[in-house]
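Colleague: For reference, the structure I am asking about is given below.
Read-outs: derived from the displayed coordinates by stated rules, not from any lab. No experiment lies behind these values; they were computed from the predicted model shown. When we count neighbours, we look across all protein chains shown, and the Cβ atoms used for this are built from the backbone with ideal geometry, even at glycine.
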Amino acid sequence: MKNKNNLTNLIRGGIQRSNFSETSESLFLTSGFVYKTAEEAEKSFKEEKERFMYSRFGNPTVDTFQKRMALLEGAEACWATSSGMSALFTILMSYLKKGDRVVSSRALFGSCHFVITEILPRFGIEIKLVDGTNINQWESALKKKTKIVFFETPSNPCLEIVDIKNVSKLAHKSGAKVVVDNVFATPILQRPLEFGADIIMYSATKHIDGQGRVLGGTILSDEKFCKNVIKPFIRNTGPSISPFNAWVLLKGLETLDLRIKKQVENTKEILKFLKKNEYVDKIYYPFDENFPQYELAKKQMKDGGTIISFELTSKKKLEKKTSFKFLNKLKLIDISNNLGDSKTLITHPCTTTHHRLSNTEKKQLGINENMVRLSVGLEEVNDIIEDINSSIKKTFTK
Ligand SMILES: Cc1ncc(COP(=O)(O)O)c(C=O)c1O
């Protein structure tokens with residue numbers, strides 16, 4: 001079912017009731033489906049008859065989740081995958097071949113960086129990394145024919161913003177499809193297709209579930225790409241989502257807008273506190289007026305998101321010891337590499353999500369030892385602030 005308003009789509013989009021007329025989305029926890037006759041099975045395999053055959057490549061609960069995500073994003077089609085990483089890997093491996101070229105921003109989540117820089121070259125794919133915030137670097141990299149342009153915006157963990165509209169224009173001239181990892185922005189705060197991107201990927205594990213339960217991913221694009229490129233790849237290689245996870249994610253979508261709005265509100269209160277704190281040096285938040293890309297962020301995002309990174313200072317040397325001490329003294333906020341959760345989570349990207357990067361790469365990206373990434377949850381915001389405040393005090397005073 002398609003509704004004009006996305007708030008209604010979040011609750012009802014794609015719903016397919018069974019003969020029992022249930023209220024909630026039905027969970028078809030089945031790996032396979034039966035055929036009335038051998039002839040029907042034959043027809044289905046020949047694709048003369050469209051029906052569910054096997055949950056590796058089609059399941060009614062997964063289908064409902066895909067339909068709802070497509071409506072939300074304004075995309076023609078969606079395929080769900082077992083995780084965010086399998087979504088990215090599926091996009092790349094289904095579309096690229098030996099001799100192709102990928103241009104990507106350097107500011108990527110650790111595993112995305114690994115796939116692009118370590119795995120793709122093994123298959124004879126040329127890689128070019130650029131400073132995603134620098135349009136001149138995109139322009140010069142895209143003078144050469146390219147197959148895929150990939151970036152996160154905002155990026156993990158420094159919240160770098162890539163100009164979706166202008167990079168997409170350059171990418172299309174060089175023949176590339178633009179793939180945007182929209183995890184930090186969520187479908188509520190940014191709609192990359194409206195700015196010219198071709199494919200959106202999500203780790204649905206993050207805000208879409210948002211309650212720390214399941215892994216999942218999605219690929220959103222036009223019908224042709226999904227049908228001709230993604231579908232046969234998933235069907236035959238199997239990075240498929242479990243129907244149970246798709247069902248949990250459908251339930252997550254129902255509260256996504258409410259959660260994001262409240263989490264953004266909390267993040268902005270925390271921003272105000274951090275800005276006034278003498279032990280906080282540098283803050284990364286796209287909707288902070290002092291953020292270098294504030295204007296661009298305002299053009300393409302509806303709000304600044306639920307993640308804020310900041311550097312702790314110490315009058316002495318900046319080192320990981322200070323960050324670790326701060327993390328270890330927290331009482332309410334959990335140390336976790338996950339994000340987008342209703343619980344406030346914190347991580348030290350330099351030694352966790354981005355530990356694989358070389359020191360030069362970390363330096364280039366600003367992933368310093370004194371930086372922490374906070375994913376703001378739904379708790380009473382004064383409790384979160386009090387926890388940060390008390391831990392900072394314990395860290396910096398004897
Ligand atoms: C920006 C970004 N993209 C992709 C992923 C990968 O998602 P998943 O953990 O669901 O595989 C993550 C996970 O942390 C992420 O932060």
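Colleague: Summing Lys, Arg as +1 and Asp, Glu as -1, what charge do residues with Cβ under 15 Å from the Cβ of Phe114 carry, Phe114 excluded?
Modeller: Numbers: positive: Arg106, Arg122, Arg356, Lys362; negative: Glu118, Glu152, Asp181, Glu361.
Result for the local shell: 0.
Colleague: Placing +1 on the Cβ of each Lys and Arg and -1 on the Cβ of each Asp and Glu in the chain, which of Ser342, Asn5, Phe326 has its Cα farthest towards the positive end of the resulting dipole?
Modeller: Of Ser342, Asn5, Phe326, it is Phe326.
Colleague: May I ask for the distance between the Cα centers of the range 264-312 and the range 179-234, given as a whole number of Å?
Modeller: Measuring centre to centre over Cα atoms gives 25 Å.
Colleague: A further question follows. For the range 15-107, state which GluC sites (Glu not before Pro) are in a DSSP loop and have at most 14 other beta carbons lying within 10 Å of their beta carbon. Could the numbers behind the result be given before it?
Modeller: Working: sites: Glu22, Glu25, Glu39, Glu40, Glu42, Glu47, Glu48, Glu50, Glu73, Glu76; in loops: Glu22, Glu25, Glu47, Glu48, Glu50, Glu76.
Here the sparse-neighbourhood loop sites are Glu22, Glu47, Glu48, Glu50.
Colleague: Relative contact order for the chain using alpha-carbon pairs under 8 Å, separation at least 6, rounded to a whole percent? Intermediate results must be reported in sequence, preceding the final value.
Modeller: Working: 779 pairs, mean separation 64.8, N = 398.
Here the relative contact order equals 16 percent.
Colleague: May I ask you to derive the FRET efficiency for Asn5 and Glu295 from their Cβ-Cβ distance with R0 = 30 Å, giving the value to the nearest 0.05? Please list the in-between numbers first.
Modeller: Values: r = 29 Å, r/R0 = 0.97.
E(calc), rounded to 0.05, equals 0.55.
Colleague: Which trypsin sites (Lys or Arg not before Pro) in the range 325-363 pass both tests, a DSSP loop state and at most 11 other beta-carbon atoms within 10 Å?
Modeller: Values: sites: Lys325, Lys329, Lys331, Lys343, Arg356, Lys362, Lys363; in loops: Lys331, Lys343, Arg356.
Those satisfying the criteria are Lys331.
Colleague: Report the one residue of Val264, Tyr285, Ser242 whose Cα lies farthest in the direction of the positive end of the charge dipole of the range 224-366 (charges on C-beta: Lys and Arg +1, Asp and Glu -1; origin at the Cα centre).
Modeller: Ser242
Colleague: Something else: With everything on Cα atoms, drop me the angle between helix 320-329 and the longest principal axis of the chain, reported from 0 to 90° to the nearest 10.
Modeller: That helix lies at roughly 80 degrees to the long axis.
Colleague: A follow-up question, please. Quick one: helix 60-73 against the long Cα principal axis of the chain, what's the angle to the nearest 10°, folded into 0 to 90?
Modeller: 50
Colleague: Cβ under 13 Å from Lys144's Cβ, Lys144 left aside: what net charge do those residues give with Lys, Arg +1 and Asp, Glu -1? List each step's numbers first, then the result.
Modeller: On the way: positive: Arg101, Lys128, Lys143, Lys145, Lys147, Lys173; negative: Asp100, Glu126, Glu139.
Here the charged neighbours net out to +3.
Colleague: Then there is this: Identify the trypsin sites (Lys or Arg not before Pro) of the range 192-294 meeting these criteria: DSSP loop state and at most 15 other C-beta atoms within 10 Å of the C-beta. Write out the running numbers ahead of the final one.
Modeller: On the way: sites: Lys206, Arg213, Lys224, Lys227, Arg235, Lys251, Arg259, Lys261, Lys262, Lys268, Lys272, Lys275, Lys276, Lys282; in loops: Arg213.
Sites meeting the loop and neighbour criteria: Arg213.
Colleague: Follow-up question, since we're still on this one. Each label point is 7 Å from the Cα along the Cα-to-Cβ direction; what then is the distance between the points at Asn382 and Asp222, in nm?
Modeller: Going by the 7 Å Cα→Cβ label model, 5.4 nm.
Colleague: Still on this model: So, in Å, what gap is there between the alpha-carbon centers of the range 70-91 and the range 353-397?
Modeller: 30
Colleague: Moving on. What do you get for the angle between helix 84-95 and the principal long axis of the chain? Use alpha-carbon atoms, 0 to 90 degrees, nearest ten.
Modeller: The helix 84-95 is inclined about 60 degrees to the chain.
Colleague: Related question: When Lys and Arg each count +1 and Asp and Glu each count -1, what net charge do the other residues less than 14 Å away from Arg51, Cβ to Cβ, add up to?
Modeller: Working: positive: Lys36, Lys43, Lys46, Lys49; negative: Glu39, Glu40, Glu42, Glu47, Glu48, Glu50, Asp63.
That works out to -3.
Colleague: Also, I was wondering about something else. Can you sort Met371, Met53, Met69 from fewest to most other Cβ atoms within 10 Å of each residue's own Cβ?
Modeller: Working: Met371 24, Met53 19, Met69 29.
With the sparsest Cβ surroundings first, the list reads Met53, Met371, Met69.
Colleague: What pairs from Lys145/Lys363; Lys282/Lys394; Lys4/Lys268 go past 22 Å between their alpha carbons?
Modeller: Working: Lys145/Lys363 30 Å; Lys282/Lys394 20 Å; Lys4/Lys268 30 Å.
Lys145/Lys363; Lys4/Lys268, as the Cα separations exceed 22 Å there.
Colleague: Per the helix-only calculation at 222 nm, which mean residue ellipticity applies to the chain, given -39500 (n - 2.57) for every DSSP H run of n ≥ 4 and division by its residues, nearest 500 deg cm²/dmol?
Modeller: Numbers: 15 runs with 147 residues, N = 398.
Helix-only estimate at 222 nm: -11000 deg cm²/dmol.
Colleague: Under a plain spin-label model, where a point goes 7 Å from the Cα along Cα-to-Cβ, how far apart in nm are Glu278 and Lys231?
Modeller: Computed distance between label sites Glu278 and Lys231 equals 6.4 nm.
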